[in-house]
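Below you'll find the structure, written out as structure tokens, and then a few comments.
The values are calculated or read from the model by the stated rules, or taken from the named source; none is laboratory data. As the structure is a computational prediction, the values presented were derived from the model and not from experiment. With ideal geometry, Cβ positions are generated from the backbone for all residues, glycine too; neighbour counts draw on all protein chains shown. We work out accessible area using only protein heavy atoms, side chains counted, and drop any ligands, DNA or RNA first. Shrake-Rupley method; radii C 1.70, N 1.55, O 1.52, S 1.80 Å.
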Amino acid sequence: MAEKMLQYIHEQPMVWRHILENRSTLTAPLRAWFTGGFPHRLLLVGTGSSGNAAMAAKPFMEQLLHREVTVAVPTRLGTVLPPAQETMVLVISQSGRSTSTLAAVHTLQQAGFRVVAMTSDPSSPVAQAADLHLLIDCGEESVGPKTKGFTATVLTLYIAAMALAETFQTAFPGEIAAYESALSTSFAAAENNILLCRDFCVRHMESLARQPHFTLIADGAGLAAACEGALKMLETLYVPAFAYEFEEYLHGVNNTLCAGQCNLLVLSHIKNAERMLRLDRYGREKGCFHLVVSTLPLPDHDACMLQLAGSGMGFTQIFETSLFFQVLSALGSESKGFDVDKPKFADFYSRMETKL
């Protein structure tokens, strides 16, 4: 009942390689668009998976471009915006049909901003309304819970940053080549990582399927994957799922540790690994059901720990640990008897006027 969703999950490595190999063509409109100097800051606007993709790409873009990057949801742009002439705006909507994102395009244009839209459909309302369009070249994704569209959006933001870095020489060619190499290494591991995720989820599905709620805990580069993972689980398992940054969790949310609590831990930074594993042990002592996902070497590896392969670089981890949450969402929905390939409420978007 999640056949199409699983199909899209398995398509991701091919989609990623295609985007990376064709990055010059895909970013050519952006290169041609700039005739003056490079803006002082970037504003990324998106909601849902698009907003999570922007959050995932923000550190990479800041590192490569040496510019401040701000992420905002369309409905929280606020009344005080940065100077339009100093800011590059990227509005992100995979479908290009989000009414709030379209409204944000018009609001920004009225405030004097030139807007670049990133969508997978050049004929969509958001793409047509913007001043420039960049294609998220992920192909069709007809199901509601986005998988390949999410990761393709992150990668499209990455290649946009590469193109701008080359144009304005904010990074050396060798630096960009090293980033490409790390991405290729991560993509090469993806097919096997998906299989590892499937085996791991199947092994624990009896416990996972009966959980009334989930808490996802992550640090560093893993936080965006956890936020997107919580969204995927809400969309497919129909139970509450919340994502917390590791230190935020330790300072208050830890009082939820109890028998029956399910915590999913994403270890992404070596400096926090020992402390996160300490939290894992402490939670298990309190009766929690814990699963640990990481691309780091896991000491004392046990059946509740999933170690995935990757490049070893923080900026590629979104293409590695996100796979676990995608596979869990697809297989978990099947185990619970939910058909996530079809919308649960066919009239919801039209009644609430959230999609055109």
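Under the rule a/c < 1.5 gives rounded, and otherwise a/b versus b/c splits prolate from oblate, where does the stretch 183-289 land using the Cα gyration tensor?
oblate
Could you work out, for the stretch 112-180, what percent of all Cα-Cα pairs fall into each 5 Å distance bin, beginning at 0 Å and stopping at the bin that holds the largest distance?
Final binned percentages: 3, 16, 19, 20, 18, 12, 8, 3.
Return one whole number: the accessible area per residue of the stretch 153-246 in Å², for a 1.4 Å probe.
Solvent-accessible surface per residue comes out at 36 Å².
Return the carbon/sulfur percentage of the accessible area of the stretch 1-97, one whole number, probe 1.4 Å, all protein chains in place.
After summing per-atom areas, the C and S share lands at 52 percent.
Which of the helices in the chain, when you take each full DSSP H run, stretch at least 27 Å along the axis at their Cα atoms and have an average Kyte-Doolittle score of 0.0 or higher?
148-168
Provide the per residue accessible area, probe 1.4 Å, for the stretch 38-111, rounded to a whole number of square angstrom.
Ligands and nucleic acids excluded, the figure is 41 Å² per residue.
Can you compute the modelled spin-label distance between M14 and Y349, with each label point 7 Å from Cα toward Cβ, in nm?
About 2.4 nm, to one decimal.
Which of the aspartates and glutamates could a cross-linker bridge to K342, judged by Cα under 17 Å and excluding same-chain residues fewer than eight apart?
E3, E140, E141, E235, E334
How are the Cα pair distances of the chain distributed, in percent, across 10 Å bins from 0?
Going out from 0 Å in 10 Å bins, the chain shows 5, 25, 33, 25, 10, 1, 0 percent.
Taking the Cα centre of the stretch 187-313 as origin, work out the dipole magnitude from +1 charges on Lys and Arg Cβ and -1 charges on Asp and Glu Cβ, in debye rounded to 20.
About 220 debye.
What's the extension gain from E21 to E285 if we count 0.36 nm per residue and subtract their Cα-Cα distance?
Length difference between fully extended and current span is 90.2 nm.
In µm²/s, what is D for the stretch 270-356 at 20 °C and 1.002 mPa s, where D = kT/(6 pi eta Rh) by Stokes-Einstein and Rh is the Kirkwood radius from Cα pairs?
Once the numbers are plugged in, D ends up at 133 µm²/s.
Looking at the chain, identify the longest residue range that excludes and avoids all GluC sites (Glu not before Pro) in DSSP loops having at most 15 other Cβ atoms within 10 Å.
In the chain, the maximal stretch lacking such sites is 141-352.
What is the Rg over Rh value, at two decimals, for the stretch 1-114, using alpha-carbon atoms and the Kirkwood definition of Rh?
Computed over Cα atoms, the ratio is 1.00.
Using 28 Å as the Cα-Cα cut-off, could you pick out the over-long pairs in K4/K355; K58/K286; K4/K286; K232/K355; K146/K271?
Cα-Cα > 28 Å for K58/K286; K4/K286; K146/K271; rest within.
What number in nm² do you get for the stretch 86-147 if you take the convex hull of its Cα atoms and divide its surface by four?
Reported value for the Cα convex hull: 4.3 nm².
State the answer as a single residue: which of F324, F34, T99 lies farthest towards the positive end of the charge dipole of the chain, with beta carbon charges of +1 for Lys and Arg and -1 for Asp and Glu, about the Cα centre.
T99
Starting from the stretch 5-108, pick out the chymotrypsin sites (Phe, Trp or Tyr not before Pro) whose DSSP state is loop and whose Cβ has at most 16 other Cβ atoms within 10 Å.
Those that pass, being in a loop and sparsely packed, are F34.
Among A57, L108, C138, pick out the residue whose Cα is farthest towards the positive end of the charge dipole of the stretch 48-198, where Lys and Arg carry +1 and Asp and Glu carry -1 on C-beta, about the Cα centre.
After comparing all options, I get L108.
Just the Kirkwood number for the stretch 64-120, please: inverse of mean 1/r across all distinct Cα pairs, in Å, one decimal.
12.0 Å
Using every Cα-Cα pair within the stretch 218-264, state what percent have a distance larger than 13 Å.
Everything past 13 Å amounts to 60 percent.
Return the carbon/sulfur percentage of the accessible area of the stretch 223-353, one whole number, probe 1.4 Å, all protein chains in place.
57 percent
How big is the antiparallel share of DSSP beta bridges in the chain, given as a percent to the nearest 5?
The antiparallel proportion sits near 5 percent.
What size of dipole, in debye to the nearest 20, comes out for the chain about its Cα centre when the only charges are +1 on Lys and Arg C-beta atoms and -1 on Asp and Glu C-beta atoms?
Here the chain has a charge dipole of around 500 debye.
Using only alpha carbons, build the gyration tensor for the stretch 308-351 and give me the equivalent ellipsoid semi-axes, biggest first, whole Å.
Values for the stretch 308-351, descending: 31, 15, 5 Å.
In the stretch 228-308, which chymotrypsin sites (Phe, Trp or Tyr not before Pro) are in a loop and have at most 14 other Cβ atoms within 10 Å, using DSSP for the loop call?
When the chymotrypsin sites (Phe, Trp or Tyr not before Pro) of the stretch 228-308 are filtered for loop state and at most 14 Cβ neighbours within 10 Å, Y238 remain.
What percentage of all Cα-Cα pairs in the stretch 65-174 are separated by more than 24 Å?
27 percent
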